[in-house]
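The values are calculated or read from the model by the stated rules, or taken from the named source; none is laboratory data. The structure displayed is predicted, hence computed values, not measured ones. Quick reminder, even Gly has a Cβ in these numbers, built from the backbone with ideal geometry, and neighbours come from all protein chains shown.
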Amino acid sequence: MTDFLQDQYDGVTSWLFEVLLQPAMYALGLMNWADEAFQWMDFFVFGVIQVIVVAAVCLPLERWRPVERWESHGLVWTDVLYTLLSRLGILPLLGFILFYTASSRIEGMIADSGFVPPTLETLLPWLREAPLVALALYIVILDFTEYWRHRFQHIFPWWWALHSIHHAQTQMTFWTDDRNHILDDIIAAAWFGIIAVAIGVPPGQFPIILLVLRLAESLSHANVRLDFGRLGERLLVSPRFHRLHHGVLSVGNLGKNYGVLLPVWDWIFGTADFRRDHYPRTGDPDAPATYVRGGWLAQQAAGLRQVWRAITARGA
């Protein structure tokens, strides 16, 4: 099934490149950049698929039972821009490709010495015959590491200075998932890519894992009054569960409900809040005004200033 989907995806990407991009590059004398352009088209198509899937799931839910209704959606449109810039650039996928290439070269040199670094499938060889089980294990492991990356974003002052942009949104919707400083996105891409390579995620499965986690994150940010019931809330992160994390009284080190896909990590490490029927206002009361009402560029510039202040204050 994975091979079939990959073949269909590759076919669409190749057709778009040959019909739309390649003729224009040939006319402009840019064919020396053909390989890079094809790679970009690959990122772009995958990003479009992500946006379509997420919007198809989340938009109807937000219209069905919204937590809040606003007269103006100006702040939301800023988040839409964040999503388009982030998902059509596909930083996590790019990070994986870069680190996979580097890892292949390093592993080649190590193999010449007779040592092969262990991966999940070398430790558990039977996984090679059970690709769906392997996929599930990869998702669980990566979700665990994402929980800790999220905790660290709240623990370290310089990192919180960046991450606060994400929490400053007072009109939270599924678009808010991508409301991040570009430095934060780069760190996240490197973190995710290195770990994916280290545990041996096959390149063909990586986009599927990324899509599953992205859909879960977007849904958890949706402006919808939705929980998964007493049992379901402990199995999957719901919009209600994650909204508690974005509440105005849950910022910085006071945060709860850090999980991306699985609430079990919050339960194990004592950061879970399973209160039912509680949908607090969102935002960071201590965030600069630009983090709330500024545009993308203004927020990026403000983020750099806030990081510098956090670093210099720590050194003072």
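Number of residues in the stretch 171-194 that are at pLDDT 95 or above and aliphatic (A, V, I, L, M) equals 1. Per the listing 201, 197, the residue uniquely modelled with pLDDT under 95 and assigned to a loop (DSSP other than H, G, I, E, B) is 201. Considering only residues that are part of a helix (DSSP H, G or I), touching a residue at least 12 places away in the same chain (Cβ under 8 Å) and within 22 Å of the chain's Cα centre (by Cα), which ones fall in the stretch 278-301? Within the stretch 278-301, 291, 292, 296, 299, 300 qualify. Residues considered: 168, 222. Of these, the only one that is under 20 Å from residue 297 (Cβ atoms), at pLDDT 90 or above and in contact with a Phe, Trp or Tyr (Cβ under 9 Å, 6 or more places away or on another chain) is 168. Cβ-Cβ contacts under 9 Å between residues 6 or more apart (or on different chains), taken from a first residue in the stretch 59-76 that is closer than 15 Å to residue 221 by Cα to a second residue that is at pLDDT below 95 and among the aromatic types (Phe, Trp, Tyr), are listed as 67/279; 68/279; 76/70. Of all the criteria given as (1) within 30 Å of residue 130 (Cα to Cα); (2) touching a residue at least 60 places away in the same chain (Cβ under 8 Å), the one not satisfied by residue 237 is (2). The residue that is nearest to residue 125 (Cα to Cα), counting only those in the stretch 136-149 that are of a type in the set (A, V, I, L, M) and crowded, with 18+ Cβ neighbours inside 10 Å, is 139. The residue that is surrounded by the fewest Cβ atoms within 10 Å (Cβ to Cβ), among those in the stretch 269-316 that are more than 28 Å from residue 147 (Cβ to Cβ) and aliphatic (A, V, I, L, M), is 316.
Has the stretch 246-261 got any residue that is touching a residue at least 24 places away in the same chain (Cβ under 8 Å), surrounded by fewer than 18 Cβ atoms within 10 Å (Cβ to Cβ), touching a Lys or Arg at 6+ places or on another chain (Cβ under 7 Å) and outside any helix (DSSP H, G or I)?
Start the filter on the stretch 246-261 by keeping residues that are touching a residue at least 24 places away in the same chain (Cβ under 8 Å), which leaves 246-253, 255, 258-261.
Okay, now just the ones that are also surrounded by fewer than 18 Cβ atoms within 10 Å (Cβ to Cβ), so 248-249, 252-253.
Within this subset, residues satisfying the condition of being touching a Lys or Arg at 6+ places or on another chain (Cβ under 7 Å) are 248.
Then drop every residue that is not outside any helix (DSSP H, G or I), which leaves 248.
Scanning the stretch 246-261, I find at least one residue that is touching a residue at least 24 places away in the same chain (Cβ under 8 Å), surrounded by fewer than 18 Cβ atoms within 10 Å (Cβ to Cβ), touching a Lys or Arg at 6+ places or on another chain (Cβ under 7 Å) and outside any helix (DSSP H, G or I), so the answer is yes.
If you go through the stretch 1-25 and keep only what is out of contact with any helix residue (DSSP H, G or I) (no Cβ under 9 Å at 6 or more places or on another chain) and either more than 28 Å from residue 178 (Cβ to Cβ) or at pLDDT below 75 (or both), you end up with 3, 4, 7, 8, 11, 18, 19, 23, 24.
Suppose we keep only residues that are among the basic types (Lys, Arg) and assigned to a helix (DSSP H, G or I) within the stretch 145-191. Which one would you say is farthest from the chain's Cα centre (by Cα)?
Looking only at the stretch 145-191, we keep the residues that are among the basic types (Lys, Arg), and these are 149, 151, 179.
Keeping just the survivors that are assigned to a helix (DSSP H, G or I) gives 149, 151.
On the way: 149: 11, 151: 15 Å.
Once the filter is applied, the top-ranked residue is 151.
Against the numbered list (1) closer than 30 Å to residue 292 by Cβ; (2) among the charged types (D, E, K, R); (3) at pLDDT below 65, residue 107 comes up short only at (1). All of 123, 127 fail the test of being at pLDDT below 95 and surrounded by fewer than 17 Cβ atoms within 10 Å (Cβ to Cβ), apart from 123.
Give the number of residues within the stretch 195-213 that are crowded, with 21+ Cβ neighbours inside 10 Å and either more than 14 Å from residue 46 (Cβ to Cβ) or over 17 Å from the mean Cα position of the chain (by Cα) (or both). Number of matching residues: 3.
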